[in-house]
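A quick write-up on the structure given underneath.
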Amino acid sequence: MMTGEEYLRSVEEMRIPIYIDGERLDNAMRHPAVRAAAAAVAATYDMAHEPELRERLVVRSHLSGEPVTIFQHVPQNTGDLVAKVNVTRYLNRRLGICSFRCIQNAYAPLLYITRRIDLEKGTSYHERFRAWVERMQREDLLACPAITDPKGSRKIPAQEQLDPDMYLRVVDRNHQGIVIRGAKLHQTGAAFSHEKLVLPCTTHRAGAENYAVACAVPANAEGIVHISVRQSQDDRRRRDAEIDLGNIYYGVHECICVFDDVFVPWERVFLCGEVEYLGELVNLFGASHRPTTGGCKSGWADVLIAATQLMAEYNGLERSSHVQDKLADMIAIAETMYSCGVAAALRGFELPGGGYVGDPVLANNAKYYASRAVFDLIRLAEDITGGILSCCPSEREMRNPEIAAWLARFLKGVDGVPAEHRVRVVRLIENISWGLGSILHSATHGGGSGQACKMSLLEFSRLQPHRAEALERAKALCGITA
Ligand SMILES: Cc1cc2nc3c(=O)[nH]c(=O)nc-3n(C[C@H](O)[C@H](O)[C@H](O)COP(=O)(O)OP(=O)(O)OC[C@H]3O[C@@H](n4cnc5c(N)ncnc54)[C@H](O)[C@@H]3O)c2cc1C
């Protein structure tokens with residue numbers, strides 16, 4: 001298992017190029033925004049080596065029997081699913097930001113579906129995917145989920161789009177492999193992940209076989225172009241800021257990945273053309289990934305609540321009844337997000353030949369709830385923090401000797417707490433709410449839009465026996481017998 005330093009060196013050595021801030025860098029790791037995000041990942045690698053965390057973070061691979069981190073493990077029971085929710089909450093609480101270790105949520109669904117396709121079609125996807133997972137485990141590599149296609153007009157199927165590359169597709173194939181073309185958007189950690197696990201973002205119908213593709217590609221493969229996205233307040237990082245960053249250690253980073261005719265050898269192709277299996281794969285990935293949301297967003301919320309509580313103290317309001325009431329509301333939201341994740345994990349089930357995934361209704365509910373609840377969380381934080389959240393001078397002004405004394409006096413709250421501490425907390429709240437490490441964007445669309453989760457929730461709930469039973473009871477209770 002790699003240490004943080006070994007992980008950083010390994011991605012540095014891959015020299016993943018990126019377009020960022022108007023220029024092309026030969027190695028993304030040279031950019032401060034990428035480095036700050038990679039630092040969060042490195043911290044998770046280091047945590048696995050901390051003696052007191054080892055028991056929680058290191059497990060035995062059911063594939064190789066070797067010790068692997070929980071981030072590489074294929075869940076083998078509901079206990080493993082719950083552990084992932086708990087660990088994610090812990091990581092995000094410790095980092096105050098995304099921990100980037102979710103790729104494992106794709107393992108069980110893909111192991112299962114590849115086995116099914118092999119059994120029904122005589123293909124050999126399962127062994128290939130299993131070999132890839134074993135390598136991920138053995139070499140302790142990081143992969144980015146490359147799922148979100150550009151999609152063009154959302155109502156038009158892939159094969160009918162004016163631009164045929166609005167969904168990533170196979171444009172050529174021979175006995176050695178396939179060539180893929182298109183793009184994947186909003187790629188978290190792509191510029192500092194060793195691998196990309198390419199998956200379809202939606203189902204496709206017959207006639208769209210070329211769009212049905214799952215494969216793994218090294219991040220520095222020929223033909224891949226990384227284009228950095230802008231994040232709110234990201235230019236603060238270029239100006240050697242510290243306090244203004246809010247989270248002075250860690251960041252997040254997303255980019256657009258263009259696949260400009262990328263060759264993928266067959267041993268890295270896990271599905272190619274089998275459109276009829278995509279519905280199940282996409283749904284199972286949702287059920288597998290979305291319980292993690294409960295841990296992820298509650299961990300983030302833990303830090304936001306703590307920072308808001310500090311702000312109340314610095315303002316002399318910690319005993320005020322309405323502040324207590326609002327903090328209780330924030331805690332209730334965090335614990336509900338967490339409970340939704342745990343419940344989905346506890347009600348998980350086994351996929352033959354795959355591993356365990358969460359209950360689809362409860363998993364989609366976890367993500368749907370979080371996508372709405374974070375807005376309330378941030379509303380409450382902003383209410384307690386006050387107008388300074390959006391009207392706070394920069395640290396350059398704080399440090400300017402001509403005006404620093406005024407700011408030290410007038411930005412102070414209670415006696416005994418320097419203005420700088422208050423400003424640091426304000427910046428952290430800003431960071432988590434809508435800044436560099438925003439929980440808002442991550443909860444609203446990361447892992448699928450709230451609306452998509454709500455639709456899945458409705459669809460899967462129709463299969464629940466207690467819904468049919470309730471319908472019968474409703475009729476019976478009011479006397480409808482026919
Ligand atoms: C912070 C962050 C990190 C992310 N990280 C990753 C990552 O690492 N890897 C990755 O692959 N993706 C990632 N994503 C992408 C994320 O999964 C998508 O943003 C999400 O699935 C929504 O897709 P979209 O952005 O294209 O929006 P859209 O799909 O356009 O959604 C916008 C709205 O339109 C609705 N809509 C969409 N299609 C239809 C339709 N046909 N009919 C009616 N309504 C429709 C949606 O429900 C939603 O309400 C990330 C996103 C964010 C914000």
Exercise. Could you run the Karplus curve 6.51 cos²θ - 1.76 cosθ + 1.60 with θ = phi - 60° over the range 308-322 and give me ³J(HN,Hα) per residue in whole Hz, x for Gly and Pro?
Key: 5, 4, 4, 4, 4, 5, 5, 8, x, 10, 5, 9, 5, 5, 5
Quiz item: Of Lys297/Lys326; Lys297/Lys367; Lys326/Lys454; Lys155/Lys367, which ones are farther than 20 Å apart at the Cα?
Solution: Lys326/Lys454; Lys155/Lys367
Practice problem: Using per-residue counts of other Cβ atoms within 10 Å, averaged over each peptide, order 463-474, 168-179, 290-301 from highest down. | Solution: 290-301, 168-179, 463-474
Quiz item: Mind checking the dipole of the range 280-472: about its Cα centre, +1 per Lys or Arg Cβ, -1 per Asp or Glu Cβ, Debye to the nearest 20?
Solution: 280
Quiz prompt | Anchor Lys184: lysines whose Cα lies under 16 Å away (excluding residues fewer than 8 positions away in-chain) | solution = Lys151, Lys196
Self-check item: Between the range 1-45 and the range 102-156, the alpha-carbon center distance in angstrom
Solution: 24
Quiz item: Farthest toward the dipole's positive end in the chain, which of Gly447, Leu284, Leu457, given Cβ charges of +1 (Lys, Arg) and -1 (Asp, Glu) about the Cα centre?
Solution: Leu457
Practice problem: Pick out, from Ile388, Gly358, Ile432, the residue whose Cα sits farthest towards the positive end of the charge dipole of the chain, with +1 on the Cβ of Lys and Arg and -1 on the Cβ of Asp and Glu. | Solution: Gly358
Quiz prompt | FRET efficiency, 1/(1 + (r/R0)^6) with R0 22 Å, evaluated for Ala404 and Ser320 via beta carbons | solution = 0.15
Exercise. Any chance you could run the full-extension gain for Glu6 through Glu242? It's 0.36 nm times the residue separation minus the Cα-Cα distance, nm to one decimal.
Key: 82.4 nm
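Suppose every K and R has +1 on its Cβ and every D and E has -1 on its Cβ; what is the size of the dipole of the range 367-467 about the Cα centre, in Debye to the nearest 20?
400
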Exercise. Would you be so kind as to identify which of Phe410, Ala183, Ser371 lies farthest towards the positive end of the dipole of the chain, taking Lys and Arg as +1 and Asp and Glu as -1 on Cβ and the Cα centre as origin?
Key: Ser371
Self-check item: Calculated FRET value between Arg60 and Asp163, using beta carbons and R₀ = 45 Å, to 0.05
Solution: 0.45
Practice problem: Report, in whole Å, the centroid distance computed from the Cα atoms of the range 288-323 and the range 165-200. | Solution: 38
Quiz item: What dipole magnitude, in Debye to the nearest 20, does the chain give about its Cα centre under +1 on Lys/Arg Cβ and -1 on Asp/Glu Cβ?
Solution: 780
Quiz item: Roughly how many whole Å is it from the C-alpha centroid of the range 51-69 to that of the range 413-482?
Solution: 31
Self-check item: Summed side-chain charge close to Cys102 - residues other than Cys102 whose Cβ falls under 11 Å, Lys, Arg +1, Asp, Glu -1
Solution: +3
Self-check item: Viscosity 1.002 mPa s, temperature 20 °C, Stokes-Einstein D of the chain from Kirkwood C-alpha radius, µm²/s
Solution: 91
Exercise. May I have the convex hull volume per residue, in Å³, for the Cα set of the range 280-472?
Key: 136
Quiz item: What order, most packed first, do the peptides 96-104, 225-233, 141-149 have when packing is the mean number of other Cβ atoms within 10 Å of each residue?
Solution: 96-104, 141-149, 225-233
Quiz prompt | Potential extension, Gln76-Leu463 segment - 0.36 nm per residue separation minus Cα distance | solution = 136.9 nm
Practice problem: Please work out how much length the chain gains when fully extended from Asn174 to Lys121, using 0.36 nm per residue of separation minus the C-alpha to C-alpha distance, in nm with one decimal. | Solution: 17.2 nm
Quiz item: Quick one: helix 78-95 against the long Cα principal axis of the chain, what's the angle to the nearest 10°, folded into 0 to 90?
Solution: 30
Practice problem: Tell me the label-point distance for the pair Ala328, Arg347, using the 7 Å Cα-to-Cβ offset, in nm and rounded to one decimal. | Solution: 2.8
Quiz item: What share of the DSSP beta bridges in the chain is antiparallel, in percent to the nearest 5?
Solution: 85
Exercise. Sum -39500 (n - 2.57) across every DSSP H segment of at least 4 residues in the chain, then divide by the residue count to get the 222 nm mean residue ellipticity, nearest 500.
Key: -15500 deg cm²/dmol
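Since every read-out is calculated from the coordinates, none of them should be taken as a lab result. Worth saying up front: this structure is predicted, and the values here are computed from it rather than measured. Every residue, glycine as well, gets a Cβ built from its backbone with ideal geometry; the counts of neighbours run over all protein chains shown.
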